[in-house]
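For reference, the structure is listed below as structure tokens.
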């Protein structure tokens, strides 16, 4: 009986903490690329190019991909399906393009859990031969799953992965 009370107390504590903890997160990572903005933007606007630098896509060389529409246009969808839990299953759709400024996407995960989040790349000319690229990712988790944002330091972990991917992008474009 004491064990039941202990388990109920732990569960109650988790539920109380989840009610207090934040439900949304916003990650912004950036990199300076020593190339003109037009060259950087022209590479980023092709969603298929994510396959060359996105850490999560490169984890599984056997990932199944499907593309719908014309790449670099609003409505283009890149879908993936992997047997690896870290990669999962989902799709990403281009929802907006502002030339040499910003590309907006909606990313929809099916596995390992369902979620939909806005994602973007923003480019900013620093000088004639340097461009700052910002990769933004916003998300939310429903109660009580939102406790994972804090307990597992999701923003820090996802930010690290985005920064690693941006480093690969920098290497590709500065070759």
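What follows is calculated from the coordinates using simple rules that are stated; it is not laboratory data. None of the values given here were measured: they were computed from a predicted structure. A quick note on method: Cβ atoms are made from the backbone with ideal geometry, for glycine too, and the neighbour counts reach across all protein chains shown.
Calculate the spin-label point distance for residue 161 paired with residue 28, positioning each point 7 Å from the Cα along the beta-carbon direction, and give it in nanometres.
2.2
Top mean-square fluctuation among 122, 85, 156, Gaussian network model of the chain, C-alpha springs under 10 Å?
Looking only at 122, 85, 156, the largest GNM fluctuation is found for 85.
Grab the eigenvalues of the alpha-carbon gyration tensor for the stretch 1-104, scale each by 5, take roots, and send me the semi-axes largest first in whole angstrom.
40, 19, 14
Modelling each spin label as a point 7 Å along the Cα-to-Cβ direction, I'd like the residue 175/residue 16 distance in nm, to one decimal.
If labels sit at residue 175 and residue 16, their model points lie 5.6 nm apart.
Per DSSP H run of n ≥ 4, the term is -39500 (n - 2.57); total these for the chain, divide by its residue number, and report the mean residue ellipticity at 222 nm rounded to 500 deg cm²/dmol. Walk me through the numbers on the way to the answer.
Details: 6 runs with 60 residues, N = 175.
For the chain, the value works out to -10000 deg cm²/dmol.
Match the structure shown to one of the listed values (1) 70, 34, 26; (2) 53, 44, 33; (3) 55, 36, 22 of Cα extents along the principal axes in Å, computed from it, and give that label.
(1)
Classify the stretch 32-85 as rounded, prolate or oblate, taking a ≥ b ≥ c as the square roots of the eigenvalues of its Cα gyration tensor: rounded when a/c is under 1.5, otherwise prolate if a/b is larger than b/c and oblate if not.
In terms of gyration-tensor shape, oblate.
Quick one: among 158, 13, 47, which has the greatest mean-square fluctuation in a GNM of the chain with alpha-carbon springs under 10 angstrom?
13
GNM on the chain, C-alpha springs below 10 Å: top fluctuator among 16, 126, 33?
16
Please give the residues of the stretch 62-106, grouped as numeric ranges, whose backbone N is less than 19 Å from a label point set 7 Å along the Cα-to-Cβ vector of residue 117.
78-82, 84-96, 103-106
If I stretch the segment between residue 109 and residue 124 completely, what's the gain in nm (0.36 nm per residue apart, minus their alpha carbon distance), one decimal?
The residue 109-residue 124 span can extend by a further 2.5 nm.
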